[in-house]
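Asker: Take a look at this one; I'll ask things after.
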Amino acid sequence: MTALLLHGSIASMAKARYHYNIMLRPEPEGGYTALVPALPGCVTYGRTVDEAREMARDAISGYIASLRKHKDPIPTDDKTLVASLDLEYAEVTRR
């Protein structure tokens, strides 16, 4: 959230902090796809992990700007738990 605060004759912008988890998926042709699960359709790409993270930051900023413009709620990952699972399956042989 951003709000305009007046203090005497000085106006300043208060800043809100949002937390987002991103998933970085290596691509077969190289580089990384960055997905933001809390923001449906927010997907970008970078040639390196650092570039993918920066591209995700930019994509999230644009997404939030659009939500604000349309006065839509801004979802976050503040209370999201992140976990991963490893599963084993028996190999099926075909004759």
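Asker: Would you mind checking the tilt of helix 49-69 against the longest principal axis of the Cα atoms of the chain, expressed as 0 to 90 degrees and rounded to 10?
Answerer: 50 degrees
Asker: Hey, what did the chain get for relative contact order, percent, Cα under 8 Å, at least 6 apart?
Answerer: Once normalised by length, the contact order is 19 percent.
Asker: Still on this structure: Treating only the Cβ of Lys, Arg, Asp and Glu as charged (+1, +1, -1, -1), what charge dipole size does the chain show about its Cα centre? Round to the nearest 20 debye.
Answerer: 400 debye
Asker: Which order do the peptides 86-93, 43-50, 72-79 take when ranked by the mean count of other beta-carbon atoms within 10 Å per residue, highest first?
Answerer: 43-50, 72-79, 86-93
Every number in this text was worked out from the coordinates using simple rules, so none of it is lab data. Every value quoted in this text rests on a predicted model; they were computed, and no experiment measured them. Quick reminder, even Gly has a Cβ in these numbers, built from the backbone with ideal geometry, and neighbours come from all protein chains shown.
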